[in-house]
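Notes for the one structure printed next.
The values are calculated or read from the model by the stated rules, or taken from the named source; none is laboratory data. The shown structure was predicted, so the numbers you read here are calculated from the model rather than taken from an experiment. FYI the Cβ positions are ideal-geometry reconstructions off the backbone, even for glycines, and counts take in every protein chain you see. Areas reflect the complete protein model, heavy atoms only, side chains present, ligands, DNA and RNA absent. Shrake-Rupley method; radii C 1.70, N 1.55, O 1.52, S 1.80 Å.
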Amino acid sequence: QVHLVESGGGLVQAGGSLILSCAASGSIFSINTVGWYRQAPGKQRELVATITSTGSTNYADSVKGRFTISRDNAKNTVYLQMNSLKPEDTAVYYCNADRVRTPSQLMFNLWGQGTQVTVSS
């Protein structure tokens, strides 16, 4: 069984930084595209950034220049470096893997449990 576990959230002042991690546990051959999403209270979940298996990245306009997504394939971990945080970045952040190959199966659309990020003004 494969699980995605996010960590690194917390409370930070505006202008500060946080690094989120998304670690995949279990026996894994490969992970395709991984994305970070966020959901603020009363709002729909939105895409923040994605990274493909080859390292190509994509960002929401609202975080371009402030957030950086990266991955360590040897550790099956994806990171989200968040700088110059704003109160409007406050949300629960989730990671998603669109396709995970294990020794026994191909799994689709895996989500982590989320980690809370709160930015105070």
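A compact table of results
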item	result
Sequence-distant residues sharing a close amide H with residue 114 (under 5 Å, placed H)	6, 95
Under the Karplus curve 6.51 cos²θ - 1.76 cosθ + 1.60, θ = phi - 60°, whole-Hz ³J(HN,Hα) for region 55-70, x wherever Gly or Pro sits	x, 6, 10, 8, 10, 5, 4, 5, 10, 4, x, 10, 10, 9, 9, 8
Under Karplus coefficients 6.51, -1.76 and 1.60, residue-wise ³J(HN,Hα) of region 81-97 in Hz, glycine/proline x	7, 10, 10, 6, 5, 10, x, 6, 7, 4, 4, 8, 9, 10, 10, 9, 10
Amide H partners (placed H, <5 Å) of residue 90, local residues excluded	119
Model label zone, residue 86; criterion: amide N under 19 Å from point 7 Å along Cα-to-beta-carbon; scope region 101-121	117-121
Span from the region 81-121 Cα centroid across to the region 30-49 one, whole angstrom	6 Å
Spin-label pair residue 3/residue 121, simplified geometry with 7 Å Cα→Cβ offset, distance in nm	3.8 nm
Distant-in-sequence amide H partners of residue 53 (H built 1.01 Å from N, under 5 Å)	33
From phi via Karplus (6.51, -1.76, 1.60), per-residue ³J(HN,Hα) for region 30-36 in Hz, x at Gly/Pro	7, 10, 7, 7, 10, x, 9
For region 59-121, accessible area per residue (1.4 Å probe, heavy atoms of protein chains only), Å²	51 Å²
